[in-house]
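A short worksheet on the structure shown next.
The values are calculated or read from the model by the stated rules, or taken from the named source; none is laboratory data. Treat the numbers as computed from the prediction; the structure is a model and nothing was measured. Positions of Cβ are backbone-derived with ideal geometry, glycine not excepted, and every protein chain shown enters the neighbour counts. What goes into the accessible areas is simple: the full protein's heavy atoms, side chains included, and nothing from ligands, DNA or RNA. Shrake-Rupley method; radii C 1.70, N 1.55, O 1.52, S 1.80 Å.
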Amino acid sequence: MPRKSLSRVPRFALAATLLAGLAACANYSGIQPGAQLRTPQSLGLDSTAQASTVDAQWWLGFQDAQLNTLIDQALHTSPSLQLAQARVRRAQAGTDVARSALLPKVNAGVEATHQLYTANGLYPAPLGGNIYDAGTAQLEASWELDFFGKNRAALDAAVGQAKAAQADAQAARVLLASQVARNYFQLLRLNAQLGLANRTLSQRTELLNLVRDRVSAGLDTRLELRQSEGGLPEARQQVEAVQEQIALTRNALAALVGQPNMALAQNLPALDAIKNIATASAVPADLLGRRADITAARWRVEAASSDVASAKAQFYPNINLVGFAGFSSIGLDKLLESGSRQWGIGPAIHLPIFDAGHLRAGLKGKTADLDAAVESYNAALIDAVRDVADQVASQQSITRQQVEQRAAQQAAESAYEIAVQRYGAGLGNYLNVLSAETAVLNQRRTQVDLAARALDTQVTLVRALGGGYSEVQPDATKNAAASADGQYASAPSDAKNNGLVR
């Protein structure tokens, strides 16, 4: 290196030292997050409560082939899942963009101009006042030295957003499968209710014929006849209402599967043919690691924390190494001659000194985003705990209701048998038989509803428990409102430890 160049090194070192001193004046005091992450302990979760592990294909436990086919089709063709995957790819592209800021960049350029040089300008004759061709061909390189972690923090934020998008996609998958199962069980319920509604219509028809005979025999009045006649339209309306609900549920299933014209099998299984699946009896303490929506919210907290770190780094100097090498000449025929060579290399340092509060405003905005992300996480966690608790409470209540309903149905069935026996022995009339059968039909309707609710609650509890999702998430015990320096400095290391930064 020429001696003249060596003398510039101390000057650069002095300048860098001066800028570092000025950087110490970076003022972001008083701007800190205020929200705190909730922990399972703060919600009163029992650390000893454990739920059975939910399989990723939990619907297979119901042992219904048609349900399995519907869910498989939905998971492969649903536009909502395709949309979620597109968002994942978009977030991953953002990660690649952020990662590129850490690496050197090299550009090549070739320029050629045909120019009249002014006779009254910088260049004297013979250049001035004449037309010449000029050309430049060179490589340009730059590398931003990320001394203060601005670009690294931006990468960590992008990684957090990508991980959140992946968790959102898994949450959409669990939600879609549960929606298909719930609509399918709703269809089975309506199919069973349609059979009971048709039987009620037949019963009302028999009752009307019987009352007509009794009126003809002078045993009943026109009052009883008109009451019996009013029962038929009501029964037909109930049949029509159930058929409408069946059509709407079939349409909903077809839309979830992504095949609007799909035809379901007509021979649907009975509700009692569906096997029950094991679920939880309490809210598990490890709920945070089971639910994709909570994981996504936690990754957004990590991303927002890294955004704050990147905003703080904006207060410090921005140091770049730039260089170029190539050829430049007046006259294109001399462009590639050795005398046309040119090159240069040097640092570029930029330090914000007075920006009218722009950087502080930016940091305030990112800090507010962090608080919002933390509170969104807290809300997701509280809602998840409530969701599981609700489903557990419903499941336990339905079990108790089914016990009572079975006792009531046994009594109704027994009364019906006695009425039939008395009618056969000539000790009672057929009105008593129809009246006893009405009680049986009412109990069977309740039985169908409770059986369908039991299956529906199992599905919603499986969804509330995460639907088989399993993903290592960021440390959920870290306090988002800890000291600013410690909080923000730890975020990039968390991402590295989880294998996020490649």
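The set of residues in the stretch 399-412 that are more than 30 Å from residue 278 (Cβ to Cβ) and surrounded by 16 or more Cβ atoms within 10 Å (Cβ to Cβ) contains only 412. Being small (Gly, Ala, Ser) and either over 25 Å from residue 274 (Cβ atoms) or touching a Phe, Trp or Tyr at 6+ places or on another chain (Cβ under 8 Å) (or both) is the filter here; which residues of the stretch 173-210 pass it? The answer is 177, 181, 202. Being more than 27 Å from residue 386 (Cβ to Cβ), at pLDDT below 75 and surrounded by 14 or more Cβ atoms within 10 Å (Cβ to Cβ) holds for only one residue in 16, 51, 101, and it is 16.
The set of residues from the stretch 329-359 being in contact with a helix residue (DSSP H, G or I) (Cβ under 6 Å, 6 or more places away or on another chain), open to solvent by 30 Å² or more (accessible area, probe 1.4 Å) and in a strand (DSSP E or B) comprises just one member, 349.
Among the criteria (1) open to solvent by 50 Å² or more (accessible area, probe 1.4 Å); (2) in contact with a strand residue (DSSP E or B) (Cβ under 9 Å, 6 or more places away or on another chain), the one residue 366 does not fulfil is (2).
Listed by first and then second residue, the pairs with beta-carbon distance under 6 Å, at least 6 apart or on different chains, first residue in the stretch 343-371 and farther than 30 Å from residue 327 by Cα, second small (Gly, Ala, Ser) and surrounded by fewer than 16 Cβ atoms within 10 Å (Cβ to Cβ), are 371/34.
Out of contact with any helix residue (DSSP H, G or I) (no Cβ under 8 Å at 6 or more places or on another chain) and under 20 Å from residue 382 (Cβ atoms): which single residue out of 290, 298 fits that description? Lay out the reasoning, then the answer.
Values: 298 fails: out of contact with any helix residue (DSSP H, G or I) (no Cβ under 8 Å at 6 or more places or on another chain).
Of the residues listed, the single one that is out of contact with any helix residue (DSSP H, G or I) (no Cβ under 8 Å at 6 or more places or on another chain) and under 20 Å from residue 382 (Cβ atoms) is 290.
Within the stretch 398-414, residues that are under 23 Å from residue 435 (Cα atoms) reach partners that are aliphatic (A, V, I, L, M) with beta carbons closer than 7 Å, at six or more positions or on different chains, in the pairs 405/450; 412/439; 412/440; 413/440. Pairing residues of the stretch 231-251 that are among the hydroxyl-bearing types (Ser, Thr, Tyr) with residues that are part of a helix (DSSP H, G or I), at Cβ distances under 8 Å and at least 6 apart in sequence or on separate chains, gives 249/183; 249/186; 249/187; 249/190. For residue 281, state whether it is at pLDDT below 80 and of a type in the set (S, T, N, Q). Yes; evaluated as a whole, the condition is true for this residue.
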